[in-house]
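Have a look at the structure below before the remarks.
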Amino acid sequence: MQTNSAHLKSNGNDSKKFKGDIRSPGIPSRVIHVRKLPNDINEAEVISLGLPFGKVTNLLMLKGKNQAFLEMNTEESAQTMVSYYSSVTPVIRNHPIYMQYSNHKELKTDNSPNQVRAQAALQAVNAVQTGSMSLSTVDGAGMGSQSPVLRVIVENLFYPVTLDVLHQIFSKFGTVLKIITFTKNNQFQALVQYSDGMTAQHAKLSLDGQNIYNACCTLRISFSKLTSLNVKYNNDKSRDYTRPDLPTGDSQPSLNAQTMAAAALTAPGIISASPYAGAHGFPPTFAIQQAAGLSLQGMPAGAFASLGVPGAAAAAAAAAAAGRLSLSGYTAGGNSVMLVSNLNPESVTPQCLFILFGVYGDVMRVKILFNKKENALVQMSDGTQAQLAMSHLNGQKLYGKALRVTLSKHTTVQLPREGHEDQGLTKDYSNSPLHRFKKPGSKNYSNIFPPSSTLHLSNIPPSVTEDHLRGLFLSSGAVVKAFKFFQKDRKMALIQLGSVEEAIESLIKFHNHDLGENHHLRVSFSKSTI
């Protein structure tokens, strides 16, 4: 036990202590003083700042002052945290958060209601952390035992991919501690280290097989045998985000954002292939065209081929600049509300959006806009799920119209006030039994695929035949091209339909369909073909 522990109580008389804290000389301590928090912050969000770096052992919230004290289990994890956030400013709800070591060596908390709440939040987080680790190992997914380091190969490298672009993509799933890039066997590769194996697992499941830019730069991701990376230099080839003090070595200096923006203006041909656009590209929220101040969407996609590599390098640079410019207010938590537009108002209901977006995360609320019924707001349970849904569903066709999915500026979907009828356009699904991702380590996490014409069916009772299932899908007007029961498990089958659009509509229609004998059909997209 540290001897110079201080009593800190949330009774509002702590301002004298704060003055000392604000002028703290930066002597490492397990206790971290967090400032400039948004007014509506909750305990879990403050705890989540510390989670990637180690166990959070205590918390004191001072909501009236927009401050908090966070105690880590070791001084080392506190040091890693402070040093990481000195180079990457954390943002919660568009507020940059500041932190430094506290003068207090540990926190002593009392039984005031604030503290009871903070303790409950800590217990919940610790239970989930230890619980999900053991659950996932039992589940056979072995998430807990995976290496936190991912090996990434980028195939179809039509544009160079920079370290900054990789950091921007991988940090959507959690805190990236280190990245090393290199070329081996004529392939561009990278090693990306997260703070824990579960985050790495989540990133791998979500990103493996995705294209960074439209129809090229495909990510192939596996777990590395390494469990930690040794980074000697911070430059455009390697970076340790926990050690901003490392030398740059003798690599070329990284391009700064201005050079990048200038490069973008000299190479309009490339961006025409619209990095970050299209259904399987990266989420459209960081439209490069806006960042570079160019409107280039009308350019033919082949235009970049005629420009030599210097042009391509400029485009990658522009992409990185664009990412920087528009992502500054973005955190890994991120906004969980999406704006879905270009809907077919004749056919789309809140329920159908709930089922479709529910393939990629747990949908909390859906609101079709009263005055503009081709637009809807969809709220997921967290920002990562919103990113995932957006990257898979933007550009897909639903009832004849291509969906546009972007992040909304709203942070929640408001329910109608008591007594205000909104014709059933707003629905709250927060207690729905149909959520696929409630259980930590659920198998559903490893079966998230982009929309495809082949559907995976499960929970089929023994009495239901192939003809029955073919008939069911034919009844909605779909073409059934092929069908196959799983050899080892007749409760599951694959059904291949005439198009991706038919599969999307069939999934919406038949997920949770009652097959009798108390069996409700479960439907998801498959990566297999029959």
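The values are calculated or read from the model by the stated rules, or taken from the named source; none is laboratory data. In this text the structure is predicted, and so the values were computed from the model without any measurement. Virtual Cβ from ideal backbone geometry, glycine too; neighbours counted across all protein chains shown. Remember, those area values only see protein heavy atoms, side chains included, never the ligands or the DNA or RNA. Shrake-Rupley method; radii C 1.70, N 1.55, O 1.52, S 1.80 Å.
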Assess whether Pro450 counts as being open to solvent by 40 Å² or more (accessible area, probe 1.4 Å) and outside any helix (DSSP H, G or I). yes
If we ask which residues in the stretch 367-393 are of a type in the set (D, E, K, R) and under 9 Å from the mean Cα position of the chain (by Cα), their number turns out to be 1
Matching entry among Asn394, Asn444, Asn431 (being in contact with a Pro (Cβ under 9 Å, 6 or more places away or on another chain) and modelled with pLDDT under 95): Asn394
Being among the hydrophobic types (A, V, I, L, M, F, W, C), at pLDDT 90 or above and either over 29 Å from Ser171 (Cβ atoms) or not in a loop (DSSP other than H, G, I, E, B) (or both) narrows Val405, Val413 down to just Val405
Being part of a loop (DSSP other than H, G, I, E, B), at pLDDT 90 or above and either out of contact with any strand residue (DSSP E or B) (no Cβ under 8 Å at 6 or more places or on another chain) or farther than 26 Å from Leu49 by Cβ (or both): is that true of Asn230 here? yes
Condition check for Ala493: at pLDDT 95 or above, in contact with a Phe, Trp or Tyr (Cβ under 7 Å, 6 or more places away or on another chain), of a type in the set (Gly, Ala, Ser) and more than 21 Å from Val348 (Cα to Cα): yes
